[in-house]
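Here, each number is a calculation from the coordinates, and none is a lab measurement. This one's a predicted model, so the numbers in the text were calculated from it and none came from an experiment. In this analysis, Cβ positions are derived from the backbone assuming ideal geometry, glycine residues included, and neighbour counts consider all displayed protein chains.
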């Protein structure tokens, strides 16, 4: 699991008369121990978020309310769309994986668990999809 650059997975859920509990155990069912978390909400439906890859950072994304679509490219050969439509469904995005998010429902909350503290600027981000593709094709 840790060697993959991208995969989908489902967190366990426990239901009873009180509702549903979805645990995220940092040292058990994650490929890294998170150093930072953030979430996006009130994102207009026609807005695209992300649109980059990371040189250093690994991330896990889950839509804990509403829905959105993840758009992933792992190898520069094309994008794959994944509907995040359950608060227990998650995607792991490793280093050098292009990722963007679109089609946010009005109540969507997209949660991210990050492997690093915030790294601003060019030390961590590839912001050009053309450069991303060129880098992948030169390997």
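Check residue 52 against each of (1) free of Cβ contacts under 8 Å to residues at least 60 places away in the same chain; (2) surrounded by 12 or more Cβ atoms within 10 Å (Cβ to Cβ); (3) outside any loop (DSSP other than H, G, I, E, B) and name the one condition it does not meet.
Going through the list (1) free of Cβ contacts under 8 Å to residues at least 60 places away in the same chain; (2) surrounded by 12 or more Cβ atoms within 10 Å (Cβ to Cβ); (3) outside any loop (DSSP other than H, G, I, E, B), residue 52 breaks only (1).
Quick check: is even one residue across segment 106-115 exposed (fewer than 12 other Cβ atoms within 10 Å of the Cβ) and over 15 Å from residue 49 (Cα atoms)?
The first filter runs over segment 106-115 and keeps only residues exposed (fewer than 12 other Cβ atoms within 10 Å of the Cβ), leaving 106-107.
So of that shortlist, the ones also over 15 Å from residue 49 (Cα atoms) come out as 107.
The answer is yes; a qualifying residue exists.
Only one of (1) in contact with a strand residue (DSSP E or B) (Cβ under 9 Å, 6 or more places away or on another chain); (2) under 29 Å from residue 137 (Cβ atoms) fails for residue 56. Which number is that?
(1)
Given the conditions (1) assigned to a loop (DSSP other than H, G, I, E, B); (2) loosely packed, with under 12 Cβ neighbours inside 10 Å; (3) in contact (Cβ under 8 Å) with a residue 40 or more places away in the chain; (4) in contact with a strand residue (DSSP E or B) (Cβ under 8 Å, 6 or more places away or on another chain), report the number of the one that residue 77 does not fulfil.
(4)
Would you call residue 97 surrounded by 12 or more Cβ atoms within 10 Å (Cβ to Cβ), within 19 Å of residue 119 (Cβ to Cβ) and touching a residue at least 12 places away in the same chain (Cβ under 8 Å)? I'd like the intermediate steps shown before the answer.
Numbers: surrounded by 12 or more Cβ atoms within 10 Å (Cβ to Cβ): yes; within 19 Å of residue 119 (Cβ to Cβ): yes; touching a residue at least 12 places away in the same chain (Cβ under 8 Å): yes.
Yes, satisfied.
Out of all the residues in segment 116-133, which are in contact (Cβ under 8 Å) with a residue 40 or more places away in the chain and either more than 17 Å from the chain's Cα centre (by Cα) or surrounded by 13 or more Cβ atoms within 10 Å (Cβ to Cβ) (or both)? Give the derivation first.
Step one: list which residues in segment 116-133 are in contact (Cβ under 8 Å) with a residue 40 or more places away in the chain, which gives 116-119, 123-127, 129, 132-133.
Within segment 116-133, 116, 119, 123, 124, 125, 126, 129, 132, 133 qualify.
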